[in-house]
Each structure stands twice: as C-alpha cells, then as structure tokens.
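First comes the structure, then the notes that go with it.
What follows is calculated from the coordinates using simple rules that are stated; it is not laboratory data. Worth saying up front: this structure is predicted, and the values here are computed from it rather than measured. When we count neighbours, we look across all protein chains shown, and the Cβ atoms used for this are built from the backbone with ideal geometry, even at glycine.
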Amino acid sequence: MIKKCLFPAAGYGTRFLPATKAIPKEMLPILTKPLMQYGVEEAYEAGIGTMAIVTGRGKRAIEDHFDVSYELEHQIRGGAKEVLLDEIRSLISRCTFSYTRQVEMKGLGHAILTGETLIGHEPFAVILADDLCDNEGDEGGVLSQMVALYERYGCSIVAIEEVSKEETNKYGIIAGDEIEPGVFRISHMVEKPDPKEAPSNLAIIGRYILTPDIFDILRETKPGKGGEIQITDALLTQAQNSKVLGVRFKGKRFDCGSVEGFVKATNYFYQKQASSDEVR
Ligand code: UTP
C-alpha cells in the first residue's frame, strides 16, 4: 500500500562543516556505505520501490550514487573489487529514483511539501537518512514495522524513542494515550521544547508515514520554531483533525547528523561487521 518513500535531503548539514561544504551530509559514509544508501535499503526492505528525493544545491553526488558509473564499471570489471559494487547495482536495478529541488531551505515541513510533486495523492513514507536505524532481532526495519501498523490503522504514524529529559530540546516531543503496547494516539506535540516544558520524553525520530492530506495542512502551516516550517506543527493539526499515531519501534537508532552519533554508528557497524567476519 505504501509505494513511495520521500527523502528530504536538502539541509545544509552545518554541524558537519567543513566536511559538508562540498559533500552532502547524506553521502557521508558509515564504513564504506553512504547514509543515503542505508536509508534506501531500509525503504526497499519495507516493500517500497520508488524513492523520491528532495535535494538542493550541491547535492549532485546523491544522484550520481544511484546511477551507473561507466568509467568505474569498465575499470574494475572482472577484478576482485567488482563485488564491492554488488549491493548498489542491485538497488539501482530494483528501485526507481526521482528528484526535485528545494530552492530555499525553509525547514523539514517545507522540504516535505516540496516533495508533493513526486508523491502525488497517496500515503507515503519519509526517511531522514541522517537518522540511521538498524534492525534488532527478527523485527524487520523500523519502516517495515511502521508499514505493518499503517496497514491496520490507515493514518499518519511517527516513530518515537525515549530520550533523556535534557535532550528534549533536540526533537519533536509527543504526548498521548497508549492504545496498545508501544503505540500512542497523539494528543499533543511540540518541536524542540525546553526540558521544563516538554510534555513527555518521547521523541520523534526521522521515520514517518504520512497521509496525503498533510500537504494541504503544510501549505497552511506558518513558520514555527527557528522560523522554519515544521512537520511537527502540521502533524499536530492532523492529530487534532483526525488521528496520528506514535510507535515505539524495535531497533537501534543513531543520530548521524551529530558528530557523536556518527562516531557511535561507525563503531557499532564496525563491531558488527568484525563479528560477522569472525563467524565466516
Ligand atoms: P536537520 O536540521 O537535521 O538537517 O534536518 P540540517 O539542517 O541539514 O543539519 P544541521 O542542523 O545544519 O547540521 C533534518 C532533515 O531535514 C532535511 C535535512 O536534509 C535533514 O535530512 N531538511 C531540513 C531539508 O531537506 N530541508 C530543509 O529546509 C531543512
């Protein structure tokens, strides 16, 4: 039922300057794979084949990554290194990629509205590639868990995670009733509240399923925190008009938009790879 995934990837990534001066934040690698590719793999695992990417100036490397590089392919054909391109080649052959540009960076809500032209009038997923998620046990990826929930409820869903009280000012924070274990019907949400004003410690992370009425709401949403059009504000309107759920997902998440989270993710994936190499 969810066929398209939107990737807002137009932000400046200022926390990673100077690395992000000429390289998109979404192309920074964890081991040998760029953040963006992890995101596309997660969407594909959730049964989604159409990737809709909102880019901006200086983000050409994303388009080039999801395309064939003839010179490179020619150079390594038949050699031992050819296998290193297997994963990305197979993604390119199984998925379609379309792009649009956000001309002015007016916030995540605005980036999602910019993606309307690629999504049309259907429910869709959103992945912020700088929030890197990994499966735990047999649960499947975060987006797979959310797609399964969407099939039962048919409304917008956000992924949530408990954070420490001091960190509420980095996230959208929700409040609501737990209607089944780990699933909350949202009654309130605030973007980056001061710990004293936070309605809970349940933070929205970079995974969403949105119903298409969100576009009309976003068009009417005034700039909020930081002067940006916030998806949190639009989702609050949607929660008041109809229904929005928050799901406490199973799995690991790393905030790779921050240096600390990026280093933690690198260590985690390195250890994981080292232990699977040992098993082999
Ligand atoms: P962030 O605030 O984490 O990204 O936005 P940023 O602005 O690139 O990073 P810093 O804070 O300057 O280091 C969350 C997501 O929303 C996208 C970003 O690309 C990121 O994936 N975004 C944000 C847009 O696409 N457009 C915007 O106007 C703002």
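Amide hydrogen proximity for Glu228: with H placed 1.01 Å from N in the peptide plane, no residue at 5 or more positions away or on another chain lies under 5 Å.
Converting phi to 3J(HN,Hα) with the Karplus coefficients 6.51, -1.76 and 1.60 and the offset θ = phi - 60°, segment 84-101 yields 5, 9, 4, 4, 5, 4, 5, 4, 4, 6, 9, 10, 10, 10, 10, 9, 9, 10 Hz in sequence order, with x at every glycine or proline. So which residue, out of Arg15, Arg185, Arg253, gets the largest mean-square fluctuation from a GNM of the chain using Cα contacts under 10 Å as springs? The residue with the greatest mean-square fluctuation here is Arg15. Spatially, segment 108-153 and segment 19-95 are offset by 19 Å when compared through their Cα centroids. The stretch between Arg15 and Glu104 holds 30.2 nm of extra length on full extension. This uses 0.36 nm per residue minus the Cα-Cα distance. Relative to the current alpha-carbon distance between Glu41 and His121, full extension at 0.36 nm per residue lengthens the span by 26.4 nm.
Modelled spin labels at Arg94 and Lys165, positioned 7 Å past Cα toward Cβ, are 4.5 nm from each other. Straight-line cross-link partners of Lys21 among the lysines, defined as a Cα under 22 Å from its Cα and at least 8 positions apart when in the same chain: Lys33, Lys59, Lys106.
When only DSSP loop residues count, what trypsin sites (Lys or Arg not before Pro) in segment 20-86 have their Cβ near at most 12 other Cβ atoms within 10 Å? Listed in order of number, the matching sites are Arg57, Arg77. Label-to-label distance for Glu139 and Asp194 is 3.4 nm, based on points extended 7 Å past Cα in the beta-carbon direction. In this calculation the C-beta distance from Lys225 to Gln273 is compared with R0 = 30 Å, giving a FRET efficiency of 0.20.
Evaluating 6.51 cos²θ - 1.76 cosθ + 1.60 at θ = phi - 60° for every residue in segment 23-28, the Karplus couplings come out as 10, x, 3, 5, 9, 5 Hz, glycine and proline recorded as x. Under 5 Å from the amide H of Ser258 lies no amide H of any residue 5 or more positions distant or on a separate chain, with H modelled from the backbone and absent for Pro and chain starts.
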